[in-house]
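J.: Below is one structure. I have some questions about it.
The values are calculated or read from the model by the stated rules, or taken from the named source; none is laboratory data. Computed from a prediction, not measured in an experiment: that's the story for all the values here. Backbone-built Cβ (ideal geometry, glycine too); neighbour counts: all protein chains shown.
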Amino acid sequence: MIRSPLLVGLLLWAIGAAQESEGPPRLLPEIATTALAESLKAAAAHPKHVWRDTAPVNDDKTVNAYIEIARGDRRKWEFDIGANVRSIDRMIPIDIGGYPVNYGFVPQTISYDGDPFDALVLGPEIPGGRLVRGVIVGVMFMEDEKGLESKVDSKVVLSRTGRDGRPLHELTDAVRREIGDYFNEYKKHEPGAFSNVPGWGSPAEGLAYVTTTHAFFKDCQGRAATPCALDR
């Protein structure tokens, strides 16, 4: 059956609007509440801790992101919450290549897999271990072996700003393809692991994920070994 471009456009808009209205899941699984408790216990050794003590959102509405992996780096750095520094987890195979985007997390958040909520920061290489701020330009939906829903491992996409407060980098179709293709492939050599990027969301959806995962961090403390539902 042939559909007119207008009808197809309206259909895609309706699907996107329906997905956005659903918002992020507001239930933090048991595995994540347990991980939150363990992470807070591990961070307690440090009087000042970058994940525990840095606000996720600033007064100017920019979002903070701690950079774990610089763009172009094949080393899979991960933040060690107990040590309060990064450490190398593994090397990305040569045929996969280095990360196409700066990769890190938003402080004071906990996501559905028990890790801090992931952030992708557009633009040139940013040295790992640096805390930066940026405006939300979208969200990348992703699914992997940790969960079958595309919203489980979503990642907010940020851009640093100029003096006028506008984003320096756009989340164009070409950038989406480059990042999406990478994350569709980067686990292909890991036995039992997979990853898939089924789509992208709006800045409003990205903000909803930051807000929800920050609420999990605040409201789900002391709930280890039990799911934690946020009030509507």
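J.: Go through region 87-99 and give me each residue that's in contact with a helix residue (DSSP H, G or I) (Cβ under 8 Å, 6 or more places away or on another chain) and surrounded by fewer than 18 Cβ atoms within 10 Å (Cβ to Cβ).
T.: Those that are in contact with a helix residue (DSSP H, G or I) (Cβ under 8 Å, 6 or more places away or on another chain) and surrounded by fewer than 18 Cβ atoms within 10 Å (Cβ to Cβ): 96, 97.
J.: So, in region 176-187, of the ones that are surrounded by 14 or more Cβ atoms within 10 Å (Cβ to Cβ) and either without any contact (Cβ under 8 Å) to a residue 60 or more places away in the chain or touching a strand residue (DSSP E or B) at 6+ places or on another chain (Cβ under 7 Å) (or both), which residue ends up farthest from residue 98 (Cα to Cα)?
T.: 176
J.: Among the candidates 170, 125, 178, 190, which residue alone is acidic (Asp, Glu) and either touching a Ser or Thr at 6+ places or on another chain (Cβ under 9 Å) or part of a strand (DSSP E or B) (or both)?
T.: One residue alone meets the criteria, 170.
Quick grid of which residues meet (1) in contact with a helix residue (DSSP H, G or I) (Cβ under 9 Å, 6 or more places away or on another chain); (2) hydroxyl-bearing (Ser, Thr, Tyr); (3) farther than 16 Å from residue 102 by Cβ:
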residue: 154; (1), (2), (3): yes, yes, yes
residue: 157; (1), (2), (3): yes, no, no
residue: 165; (1), (2), (3): no, no, yes
residue: 168; (1), (2), (3): no, no, no
residue: 189; (1), (2), (3): no, no, yes
residue: 207; (1), (2), (3): no, no, yes
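J.: Turning to a different aspect of this structure: Taking the residues in region 198-217 that are within 14 Å of residue 118 (Cβ to Cβ) and either modelled with pLDDT under 95 or among the polar types (S, T, N, Q) (or both) as candidates, determine which candidate is surrounded by the fewest Cβ atoms within 10 Å (Cβ to Cβ).
T.: 212
J.: A follow-up question, please. Restricting attention to region 58-69, does a residue exist that is in contact (Cβ under 8 Å) with a residue 24 or more places away in the chain, surrounded by 18 or more Cβ atoms within 10 Å (Cβ to Cβ), touching a Phe, Trp or Tyr at 6+ places or on another chain (Cβ under 9 Å) and assigned to a loop (DSSP other than H, G, I, E, B)?
T.: There is no residue in region 58-69 that is in contact (Cβ under 8 Å) with a residue 24 or more places away in the chain, surrounded by 18 or more Cβ atoms within 10 Å (Cβ to Cβ), touching a Phe, Trp or Tyr at 6+ places or on another chain (Cβ under 9 Å) and assigned to a loop (DSSP other than H, G, I, E, B).
J.: Related question: Take the residues in region 19-46 that are hydroxyl-bearing (Ser, Thr, Tyr) and at pLDDT 95 or above, then tell me which one is surrounded by the most Cβ atoms within 10 Å (Cβ to Cβ).
T.: 33
J.: Assess whether residue 84 counts as being within 16 Å of residue 160 (Cβ to Cβ), over 13 Å from the mean Cα position of the chain (by Cα) and surrounded by fewer than 20 Cβ atoms within 10 Å (Cβ to Cβ).
T.: In short, no.
J.: Further question: Could you list, in sequence order, all residues of region 153-165 that are part of a loop (DSSP other than H, G, I, E, B), surrounded by fewer than 18 Cβ atoms within 10 Å (Cβ to Cβ) and touching a residue at least 24 places away in the same chain (Cβ under 8 Å)? If you could, list the steps in order and put the result at the bottom.
T.: To start, the set of residues in region 153-165 that are part of a loop (DSSP other than H, G, I, E, B) comprises 153-154, 160, 162-165.
Among the residues that remain, those that are also surrounded by fewer than 18 Cβ atoms within 10 Å (Cβ to Cβ) are: 162-165.
165 - this is the single residue of region 153-165 that is part of a loop (DSSP other than H, G, I, E, B), surrounded by fewer than 18 Cβ atoms within 10 Å (Cβ to Cβ) and touching a residue at least 24 places away in the same chain (Cβ under 8 Å).
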